[in-house]
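Have a look at the structure below, then the notes.
Every number here is computed from the coordinates shown, using simple stated rules; none is lab data. It should be emphasised that the depicted structure is a prediction, and the values quoted were computed from it without experimental measurement. Glycine gets a Cβ as well: all are built from the backbone with ideal geometry, and neighbour counts include every protein chain shown.
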2 protein chains.
Amino acid sequence: MENQLVTKIKENYQIVFEEMGLLDQAFTHSSYVNEHRNLHLCDNERLEFLGDAVLELLVSQYLYRQFPEMPEGKLTKMRAAIVREDSLAEFARECAFDQFIRLGKGEENSGGRQRAALLCDLFESFLGALYLDQGLEAVHRFLQTVIFPKVEAGAFSHEMDHKTKLQEVLQRGGDVLIDYRLIKEEGPAHERIFWTEVYCDNQLIGQGTGRSKKGAEQAAAQNALQELKE
Amino acid sequence: MENQLVTKIKENYQIVFEEMGLLDQAFTHSSYVNEHRNLHLCDNERLEFLGDAVLELLVSQYLYRQFPEMPEGKLTKMRAAIVREDSLAEFARECAFDQFIRLGKGEENSGGRQRAALLCDLFESFLGALYLDQGLEAVHRFLQTVIFPKVEAGAFSHEMDHKTKLQEVLQRGGDVLIDYRLIKEEGPAHERIFWTEVYCDNQLIGQGTGRSKKGAEQAAAQNALQELKE
């Protein structure tokens, strides 16, 4: 399986790791380390810490240069849309990284291989490992293949913040009162689900659920935008 | 005044800008641009956007290497303590950057030159300008003078998270119930102040105020820690 990964990143991205241990570590989840204590492995969490910052800089620099007239507020929103969990998890899937992460059995059985948070961390760990192995320019080249063409195609310009978008749309005809109401929350603390409704001048216009209050509000706004379009 | 800045950063940090316009821009606050529209200046906000990410990467990389055994959670906390507003504002003051920022009259008269948020942004803008002018290695050298020795001296290891620290201290003798109670909030939304009390097993052990609920809780925890020491 690991050889397949090596072949894949060589063929798809012309990347060959000098220090193979770094690549292994990037694809080792803490649940796997915990289940194989005798192997004395390192999980990918520290690499993720580093990779997160590498990604942040390269995306910032790219946006700064790509959009020379864009004000800081908009740059910040766009960066947030690109580096958010769902986006990074999707990039990890596109690179087929989800096939190669080493998981513990519990994590595997509970669907960890499909979990956005885990895949997002994996993507960042890979960037951290690549940065340590080959430097900033190599990570930049990788992102030029995987992320930047999508930005240029407008994938992050429109849907980045549903709440802001909804406000813009609704207030075109004059001032209205938009409020988000938390209807219900359920489940244990570490996997709590929130139900939110969004109202415009006290009329229900959308509903959404999410893992956080903010996420549920974004989902409700997105739902309202869709309803408005139809 | 600008010449003084040029001399200062040359003497203190051996930095000479190739593109002087970048240095000027880093020291130009939006309030100054707004009051001198005829000059068609650029404010420092875009440079701040970039500098923020440059700082994040260099601090992350430094911590990653400096503390090879430190788990990700602790690295993240330490990074947050170093790059937080108050810390960066203090670095800006130590570099005497506050003397050289160009402010509008309104901002000047309302004490902008002492405001932590403004000085934090200024520090990041300078890093962004230096990065564009001379690359990552130059910013790294600058941080090696200004920030990293303080990390090595332990300036960020201890006081980074008072709530965690308080919990550690109080629970040494066994399980206790610690809770933070919001007592009062006052002032308009953009400058609201929160009063918080912290209780251990229903006994008041500290009080604090802050610009946010979290800030007030940290202040209350810090106060409790101080009281415990005395």
Original post:
Where along chain B is the Cβ that lies nearest the axis linking it to chain A, and how many Å separate them?
Top reply: B:L57, 2
Original post:
Which pairs in the list A:K184/B:K163; B:K8/B:K165; A:K10/A:K213; A:K74/B:K77 are over 32 Å apart, alpha-carbon to alpha-carbon?
Top reply: B:K8/B:K165; A:K10/A:K213
**OP:** Please identify every one of the trypsin sites (Lys or Arg not before Pro) in the range A:23-110 that sits in a loop by DSSP and has no more than 16 other beta carbons within 10 Å of its own beta carbon.
**Re:** A:R84
Original post:
Label points 7 Å out from Cα along the Cβ direction at B:N38 and A:V16: separation in nm?
Top reply: 6.4
Original post:
If a helix is a whole DSSP H run, which ones in chain B reach 20 Å or further along their own axis (Cα) and hold a mean Kyte-Doolittle hydropathy of at least 0.0?
Top reply: B:45-66, B:116-134
Subject >> Calculated label separations, A:Q167, copies of the chain, 7 Å along the beta-carbon direction, nm >> reply: 3.2
Original post:
Across 10 Å bins from the origin, how do the percents of Cα pairs in the protein assembly as shown run, short distances first?
Top reply: 4, 16, 24, 29, 21, 7, 0
Original post:
According to a simple spin-label model (label point 7 Å from Cα along Cα-to-Cβ), what is the distance in nm between A:R211 and B:K105?
Top reply: 5.3
**OP:** Express in % the proportion of alpha carbon pairs of the range B:2-152 at distances exceeding 29 Å.
**Re:** 17
Original post:
Using a simple spin-label model with points 7 Å from Cα along the Cα→Cβ vector, what separation in nm is obtained for A:Q226 and A:R93?
Top reply: 1.5
Subject >> Those aspartates and glutamates that a straight Cα-Cα span of less than 19 Å connects to A:K105, excepting residues fewer than 8 apart in one chain >> reply: A:E2, A:D24, A:E35, A:D43, A:E45, A:D121
Original post:
Taking the alpha-carbon centroid of each part, what is the distance from the range B:150-200 to the range A:39-117 in angstrom?
Top reply: 31
Original post:
Considering the dipole of the range B:150-230 built from charges on the beta carbon (Lys and Arg +1, Asp and Glu -1) around the Cα centre, which of B:N223, B:T209, B:Y199 is farthest to its positive end?
Top reply: B:T209
Subject >> DSSP-assigned coil residues among GluC sites (Glu not before Pro) in the range A:42-100, each with at most 11 further Cβ atoms within 10 Å >> reply: A:E69
